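> The structure's right below; bear with me while I get my questions together.
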Amino acid sequence: MDPKLFKFNTLSLHGGQRPDAETGARAVPIYQTTSYVFKDSDHAAALFNLEQAGHIYSRISNPTVAVLEERISALEGGTGAVATASGQSALFSAIMTLMGQGNHIVSSASLYGGSVNLFQHTLPRFGIETTFVNPRKPEEFRKAIRPETRLVFGEIIGNPGLEILDVSAVAKIAHEAGLPLLIDATFNTPYLCRALELGADLVSHSVTKWMGGHGVALGGVVVEGGRFDWESDGKFPTLTEPYAGYHGINFFEEFGPQAFSMRMRSEAMRDFGPAMSPQNAFYLLQGLETLPLRMDRHISNTKILLEFLQSSDEVAWVTHPDLPDHPDHELASRILPKGAGSIVAFGVKSGSSGGGREAGAAFINSVQLASHLANVGDAKTLVIHPASTTHAQMDSETMKQAGLTEDMIRLSVGLEDVNDLIDDFKQALRKAAKATGATK
Amino acid sequence: MKLNVASVTSAKKIKIFAATGGKELSSELPLLVFLHGAGMDHTVWNLQTRYFAYHGYSVLAIDFPGHGRSDGTLLQCIEQMADWIPELIDAAVEISGKDGVSGSNSKKASLVGHSMGALVALECASRYPELLSSICLLGVSAKMPVHPVLLEAAANNDPLAYDLVTSWGHGTTGHFGRTPVPGMSLIGGGRALLSSAPQGTLGVGLAACNAYQNGLTAAGKVDCSTLCLMGSEDKMTPPKQGEKLAAEITNAKTHLIQDCGHMMMLEKSDQTLQALKAHLSST
């Protein structure tokens, strides 16, 4: 029997929204307002005391942003979501919702460089330490867990090394230790993999990337799975003990499967203020409408470009989890059956003493259609040299841990006609080879 | 809070969890007891309980035995659950510090029940009229036949049951979204709540609803002030059925919430609150 719940494509277009009741507007209106008029003093007091639902101030919630939150929550199969100004503020807010001084995180070592910085350099100033482990060895997560650990964290498709995290195995380890698993699902989007269904408890995104897809608006989000028992062993007092900041409310008792989201909104959004603007939410909603269509094109273009790069004489190596020689190919086929994303890493052959780093730079300087910039998941094809940019703050050991090599080029495959991309890459590879003496 | 409540199935008292809306119980205030539906728990009432607790009521939103955070075994039928309510009220009276619940309706409580909880409130009002000043029945009909596929799936803890209940239980608002609480998902929230419940909880609750045949007879015996609150898009307890039941109750009013399914306290939380407020303030 079909339960007749809306499917993914439908939710991408309609989740969280119905035509505006007053005006009939079909598109999501941009509620460009800071604040909301109360019906009377009783209504105002009830909103402030979480007795009734509604909007108070756009730092905490906004109707346009709420559509985006509901839509992403529905796409991920979550119980609720809180959107933030960026993916990094989503991650920081999630961590601050769960823990404080003296606590500890176990994280995959293969992460976006900004997340590594947060864990390695910033959070220690707040008394929170992180142990990084090899994402290909789930048992390392178990070994790194301490009594003060409060979170296990990872990316399904590691950045930029493209290691695949066995989400189910790591979730099992986390749960056996009474810990939640937070997955940064930016690289896969819920179209390719729904981490909550694999056992994750929280999912975060930089929606700036594939979810928006256009590269015009920053945003982040945290989605709650709603099945984690925050109360079982007293590790999460922010959710299970009275909170003086809201008249002694106990979030888990009061809100059950939406406890985390309610606490994050009530505290992190209120006190830290990483609010997403309604204008950005509108842009991101326009992107989400075509997420399934775009992801299909991202994946098909990636497959063709992989074939091209593998057959190119000027390419030293190429890696992607969809390639049979990738160490995680079998796992990727299992948990990312539609395709393991549209990020490709490769190295350019060099004939000079400068090695791959010089060849990579020559390639990047020669592309004309692909754009050299610090982003991924745009509709347009992007290239970057992580060792000198996004991951430049890492020392050599951390780079090694993150699966990063000096010659690595990170390619974010876009939606252009793939033959135009191949032509662009052919001429850039020729120029790189010539510049470094790899060919005459 | 946890209450020690006498069991109707054994001699031992059991610990029952009840949310109080953020306030302690007071013997000076009328007691308002919220009863959830099959497979659910007290959290479905969070957009009503906190308001009433801060506006002149002693509130108890319970988890039925074997549900949520309550101990005890699952009660198997509506009549058994109804017989347990007086024990619950006794425990609440005891913990609030006096030998009776005072307020505008001295020593009487009001029950607000949803779906299975509404049948329990109805049956309780017919059996123990001396205990109750009013009942509010949300998503109710005299009989609640459950589709055999759903019954079987729920009995087997098959996730299909969670999807069927969340799909049939929500109206347009629930399916499309734009829920009262910014950013929250009704479908996802419902599915998580049902799937997190102890094994068998939904199955036993739905079987109890399916087996209950005494609705119209019970309605004929109810003499307290009654509100039947219905959702215009309710597929599980269609409004027509709620009206039929209300017609059998001497002192009943009906209220229809438009654009709303079976889960009205979540889908249309403010309208539900307003209807409850209006009813309770008139009794």
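The values are calculated or read from the model by the stated rules, or taken from the named source; none is laboratory data. Being a predicted model, the structure only gives us computed values, none of them experimental. Ideal geometry is used to build each Cβ from the backbone, glycine not excepted, and the neighbour counts take in all protein chains shown. Only protein heavy atoms, including side chains, enter the accessible area calculation; ligands, DNA and RNA are left aside. Shrake-Rupley method; radii C 1.70, N 1.55, O 1.52, S 1.80 Å.
> Filter region B:175-188 for residues that are in a helix (DSSP H, G or I), within 7 Å of another protein chain (Cβ to nearest Cβ) and within 14 Å of A:GLY78 (Cα to Cα) and give the result. Steps first, please.
Here is the first cut: in region B:175-188, the ones in a helix (DSSP H, G or I) are B:175-176, B:186-188.
Of the ones still in play, those that are also within 7 Å of another protein chain (Cβ to nearest Cβ) are B:175-176, B:187-188.
Result: B:HIS175, B:ILE187, B:GLY188.
> Something else about it: Look through region B:13-27, keep the residues that are small (Gly, Ala, Ser) and facing chain A (nearest Cβ under 9 Å), and return whichever of them is surrounded by the fewest Cβ atoms within 10 Å (Cβ to Cβ). If you could, list the steps in order and put the result at the bottom.
At the first step, the residues of region B:13-27 found to be small (Gly, Ala, Ser) are B:18-19, B:21-22, B:26-27.
Subset that is facing chain A (nearest Cβ under 9 Å): B:19, B:21-22.
Numbers: B:ALA19: 26, B:GLY21: 25, B:GLY22: 21.
So the residue we want is B:GLY22.
> Looking at (1) assigned to a loop (DSSP other than H, G, I, E, B); (2) more than 23 Å from the chain's Cα centre (by Cα); (3) among the hydrophobic types (A, V, I, L, M, F, W, C); (4) within 12 Å of another protein chain (Cβ to nearest Cβ), which one does A:ALA25 not meet, given that it meets all the others?
(4)
> A further question on this structure: What do you reckon, is A:ILE60 modelled with pLDDT of 95 or more, open to solvent by 30 Å² or more (accessible area, probe 1.4 Å), facing chain B (nearest Cβ under 9 Å) and assigned to a loop (DSSP other than H, G, I, E, B)?
Yes: the conditions hold for A:ILE60.
> Looking at region A:249-261, is at least one residue under 20 Å from the mean Cα position of the chain (by Cα) and either at pLDDT 95 or above or surrounded by fewer than 22 Cβ atoms within 10 Å (Cβ to Cβ) (or both)? Write out each step before concluding.
First pass over region A:249-261, keeping only residues under 20 Å from the mean Cα position of the chain (by Cα): A:260-261.
Now restrict to residues that are either at pLDDT 95 or above or surrounded by fewer than 22 Cβ atoms within 10 Å (Cβ to Cβ) (or both): A:260-261.
Checked region A:249-261: at least one residue is under 20 Å from the mean Cα position of the chain (by Cα) and either at pLDDT 95 or above or surrounded by fewer than 22 Cβ atoms within 10 Å (Cβ to Cβ) (or both).
> Another question, if that's okay. Which of the helices (runs of 4 or more DSSP H) contained wholly in region A:231-316 include at least 3 residues that are charged (D, E, K, R)?
In region A:231-316, A:291-311 are the helices (runs of 4 or more DSSP H) which contain 3 or more residues that are charged (D, E, K, R).
> For region A:395-440, give me each residue that is farther than 25 Å from A:LYS209 by Cα, in contact (Cβ under 8 Å) with a residue 60 or more places away in the chain and among the hydroxyl-bearing types (Ser, Thr, Tyr).
A:THR436, A:THR439
> Let me ask something else about it. Looking only at region A:397-431, which residues are in a helix (DSSP H, G or I), touching a strand residue (DSSP E or B) at 6+ places or on another chain (Cβ under 7 Å) and open to solvent by 20 Å² or more (accessible area, probe 1.4 Å)? Spell out how you get there, then give the answer.
First, pick out the residues of region A:397-431 that are in a helix (DSSP H, G or I): A:397-401, A:418-431.
With the extra rule that they be touching a strand residue (DSSP E or B) at 6+ places or on another chain (Cβ under 7 Å), the set shrinks to A:401, A:429.
Answer for region A:397-431, where residues must be in a helix (DSSP H, G or I), touching a strand residue (DSSP E or B) at 6+ places or on another chain (Cβ under 7 Å) and open to solvent by 20 Å² or more (accessible area, probe 1.4 Å): just A:GLN401.
> Continuing with this model, one more query. If a residue counts only when it is touching a residue at least 40 places away in the same chain (Cβ under 8 Å), which strands (runs of 3 or more DSSP E) contained entirely in region A:88-191 have at least 3 such residues? Before you say what the answer is, go through the steps one by one.
Numbers: elements: A:104-108, A:129-133, A:149-155, A:181-184.
Strands (runs of 3 or more DSSP E) meeting the threshold: A:104-108, A:149-155.
> Given A:LYS338, A:LYS434, which one is part of a helix (DSSP H, G or I) and open to solvent by 20 Å² or more (accessible area, probe 1.4 Å)? Explain how you work it out, then say what you get.
Working: A:LYS338 fails: part of a helix (DSSP H, G or I).
On inspection, the qualifying residue turns out to be A:LYS434.
> Still on this structure, please answer the following. Starting from residues that are outside any loop (DSSP other than H, G, I, E, B) and under 14 Å from B:GLY205 (Cβ atoms), keep the ones in region B:145-163 and report whichever is farthest from the chain's Cα centre (by Cα).
Filtering region B:145-163 for residues outside any loop (DSSP other than H, G, I, E, B) gives B:148-155, B:159-163.
Cutting the leftovers down to under 14 Å from B:GLY205 (Cβ atoms) gives us B:150-151, B:153-155, B:161-162.
Numbers: B:LEU150: 20, B:LEU151: 20, B:ALA153: 23, B:ALA154: 19, B:ALA155: 21, B:ALA161: 20, B:TYR162: 19 Å.
The extreme case among them is B:ALA153.
> Here's a follow-up. Please tell me if A:THR84 is among the β-branched types (Val, Ile, Thr) and open to solvent by less than 10 Å² (accessible area, probe 1.4 Å).
Details: among the β-branched types (Val, Ile, Thr): yes; open to solvent by less than 10 Å² (accessible area, probe 1.4 Å): yes.
So A:THR84 fits the description; yes.
> Please indicate, with yes or no, whether at least one residue in region A:76-98 is more than 20 Å from A:GLY212 (Cα to Cα), at the interface with chain B (Cβ under 9 Å from one of its Cβ atoms) and either modelled with pLDDT of 95 or more or under 23 Å from the mean Cα position of the chain (by Cα) (or both). Steps first, please.
First, the residues of region A:76-98 that are more than 20 Å from A:GLY212 (Cα to Cα): A:79, A:92-98.
In the following step, the residues that additionally are at the interface with chain B (Cβ under 9 Å from one of its Cβ atoms) were identified as A:79.
Pick out the ones that are also either modelled with pLDDT of 95 or more or under 23 Å from the mean Cα position of the chain (by Cα) (or both) and you get A:79.
Yes, region A:76-98 contains a residue that is more than 20 Å from A:GLY212 (Cα to Cα), at the interface with chain B (Cβ under 9 Å from one of its Cβ atoms) and either modelled with pLDDT of 95 or more or under 23 Å from the mean Cα position of the chain (by Cα) (or both).
Each row is one residue, and each column tells you yes or no for (1) more than 19 Å from A:LEU151 (Cβ to Cβ); (2) within 14 Å of chain B (Cβ to nearest Cβ); (3) buried (at least 24 other Cβ atoms within 10 Å of the Cβ); (4) of a type in the set (Ser, Thr, Tyr).
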position	(1), (2), (3), (4)
A:GLY220	no, yes, yes, no
A:PHE228	no, yes, yes, no
A:GLY234	no, no, no, no
A:PRO242	yes, yes, no, no
A:TYR246	yes, yes, no, yes
A:GLY273	yes, no, no, no
A:PRO292	yes, no, no, no
A:ASP296	yes, no, no, no
A:VAL315	yes, no, no, no
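> While we're looking at this one, here's another question. Among the residues of region B:256-272, which ones are surrounded by fewer than 20 Cβ atoms within 10 Å (Cβ to Cβ) and either of a type in the set (A, V, I, L, M) or away from chain A (no Cβ under 14 Å) (or both)?
Matches in region B:256-272: B:LEU256 only.
> Out of A:PHE153, A:PHE141, A:PHE126, report the one residue that is crowded, with 24+ Cβ neighbours inside 10 Å, more than 14 Å from chain B (Cβ to nearest Cβ) and over 18 Å from the mean Cα position of the chain (by Cα).
Sole residue among the options that is crowded, with 24+ Cβ neighbours inside 10 Å, more than 14 Å from chain B (Cβ to nearest Cβ) and over 18 Å from the mean Cα position of the chain (by Cα): A:PHE141.
This table checks each residue for (1) more than 14 Å from every other protein chain (Cβ to nearest Cβ); (2) more than 18 Å from the chain's Cα centre (by Cα).
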residue	(1), (2)
B:THR173	no, yes
B:PRO198	no, yes
B:LEU227	yes, no
B:GLU248	yes, yes
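> Something else: Checking the conditions here, which among B:GLY37, B:GLY66 is within 20 Å of the chain's Cα centre (by Cα) and surrounded by 24 or more Cβ atoms within 10 Å (Cβ to Cβ)? Give the derivation first.
Details: B:GLY66 fails: surrounded by 24 or more Cβ atoms within 10 Å (Cβ to Cβ).
Step by step, each of B:GLY37, B:GLY66 is checked, and only B:GLY37 is within 20 Å of the chain's Cα centre (by Cα) and surrounded by 24 or more Cβ atoms within 10 Å (Cβ to Cβ).
> Also: Among the listed residues B:ASP223, B:ASP270, which satisfies the condition of being among the charged types (D, E, K, R) and either touching a His at 6+ places or on another chain (Cβ under 7 Å) or outside any helix (DSSP H, G or I) (or both)?
Exactly one residue qualifies, and that residue is B:ASP223.
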